[in-house]
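Visitor: Structure provided below as structure tokens; questions to follow.
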Amino acid sequence: SPDGRKLAYVSFERSNSAIYIQDVSTGSRELISAQKGINGGPAFSPDGSKIVFRASRPVTDEQMADYNDLVENGYVRPTALEIFVMDADGKNMKQITNLGKASFAPFFHPNGKKIIFSSNYNGDNPRDFNLFMINIDGTGLERITFNSTFDGFPMFSPDGKYFVFGSNRFNKKETDTNIFIAEWVE
């Protein structure tokens, strides 16, 4: 959390990926999201009042059977992950994307009103990921990068002047990922 008192993390101990909040000084923890599906990548808002994360939510019997089979065998299939926001206590959970693609690594803009994330939405190749930004109410989806390989794991500096991300652009080997820092201009 921004004040350094709490840690948001994912655990698979319940045979489902669940998000917990743990008090750093006491070690006490609270389960805040255990819905069926792949829950992960939690990040606090700048004021610590909200958490953004990515998740899948199997709905149909076929999706549920596939999900249960994967979990039973210790696997995940992150082909359809959406971005969700909830209060830091797990209440008022809301899905803010409905892209039907693999969206992950969400991070709040320092103003607390927008979220940047990586997705293969609108890509020609399912392995090509770009950065997108969206308002916390799910409106205003905007594509930020236009790269034909992988851009992911974006994070802002606390003052919002810079952001950093990983990318396969300009790599020497296909498996290399480079780190980029850029000035953020509204």
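Visitor: Contour minus end-to-end for Ser49 and Trp184, with contour as 0.36 nm per residue of separation and end-to-end as the Cα-Cα distance?
Guide: 46.2 nm
Visitor: Probe radius 1.4 Å, ligands and nucleic acids left out: which of Tyr162, Tyr9 has the largest accessible area, and how do the rest follow?
Guide: On the way: Tyr162 100, Tyr9 50 Å².
Sorted by accessible area, descending: Tyr162, Tyr9.
Visitor: Per DSSP helix of 4 or more residues, -39500 (n - 2.57); summed, then divided by the residues of the chain. What does that give at 222 nm, rounded to the nearest 500? Intermediate results must be reported in sequence, preceding the final value.
Guide: Numbers: 1 runs with 12 residues, N = 186.
Calculated from helices alone, the mean residue ellipticity at 222 nm is -2000 deg cm²/dmol.
Visitor: Please report the antiparallel percentage of DSSP beta bridges with both residues in the chain, rounded to the nearest 5.
Guide: Numbers: 44 of 46 bridges.
Expressed as a percentage, antiparallel bridges in the chain total about 95.
Visitor: Still on this model: Please compute the net charge surrounding Ala102, taking Lys and Arg as +1 and Asp and Glu as -1 over other residues with Cβ under 12 Å from its Cβ.
Guide: Charge balance near Ala102 sits at +2.
Visitor: Using Cα positions and a limit of under 14 Å, work out the aspartates and glutamates in reach of Lys94, with same-chain residues fewer than 8 apart set aside.
Guide: Glu82, Asp137
Visitor: Using a probe of 1.4 angstrom, how much of the accessible area of the range 75-181 is carbon and sulfur, in percent?
Guide: After summing per-atom areas, the C and S share lands at 53 percent.
Visitor: Which entries of Lys36/Lys173; Lys113/Lys172; Lys6/Lys172; Lys113/Lys173; Lys91/Lys114 have Cα-Cα distances beyond 28 Å here? Working shown, then result.
Guide: Details: Lys36/Lys173 37 Å; Lys113/Lys172 37 Å; Lys6/Lys172 39 Å; Lys113/Lys173 37 Å; Lys91/Lys114 19 Å.
Cα-Cα > 28 Å for Lys36/Lys173; Lys113/Lys172; Lys6/Lys172; Lys113/Lys173; rest within.
Visitor: Okay, next question. Run the quick spin-label model on Ser25 and Arg5: label points 7 Å from Cα toward the beta carbon, then report their separation in nm to one decimal.
Guide: Distance between label points: 0.8 nm.
Visitor: Another one. Using modelled amide H (1.01 Å from N, peptide plane; none on Pro or chain starts), what sits under 5 Å from the amide H of Phe150, excluding residues fewer than 5 places away?
Guide: Phe129, Asn168, Arg169
Visitor: Next question, about the same structure. For the chain, count the residues as N, evaluate 2.2 N^0.38 Å, and divide the Cα radius of gyration by that value, please.
Guide: That ratio works out to 1.04.
Visitor: What FRET efficiency comes out for Asp89 versus Val164 if R0 is 35 angstrom and r is the Cβ-Cβ distance? Round to the nearest 0.05.
Guide: Taking R0 as 35 Å, the efficiency between Asp89 and Val164 is 0.75.
Visitor: State in Å² the accessible area per residue of the chain; use a 1.4 Å probe, count heavy atoms of protein chains only, and round to the nearest integer. Intermediate values should be presented prior to the final figure.
Guide: On the way: 10630 Å² over 186 residues.
Result: 57 Å² of accessible area for each residue.
The values are calculated or read from the model by the stated rules, or taken from the named source; none is laboratory data. Keep in mind the model is a prediction, meaning the values are calculated, not measured. Glycine gets a Cβ as well: all are built from the backbone with ideal geometry, and neighbour counts include every protein chain shown. Accessible surface areas use protein heavy atoms only, side chains included; no ligands, DNA or RNA. Shrake-Rupley method; radii C 1.70, N 1.55, O 1.52, S 1.80 Å.
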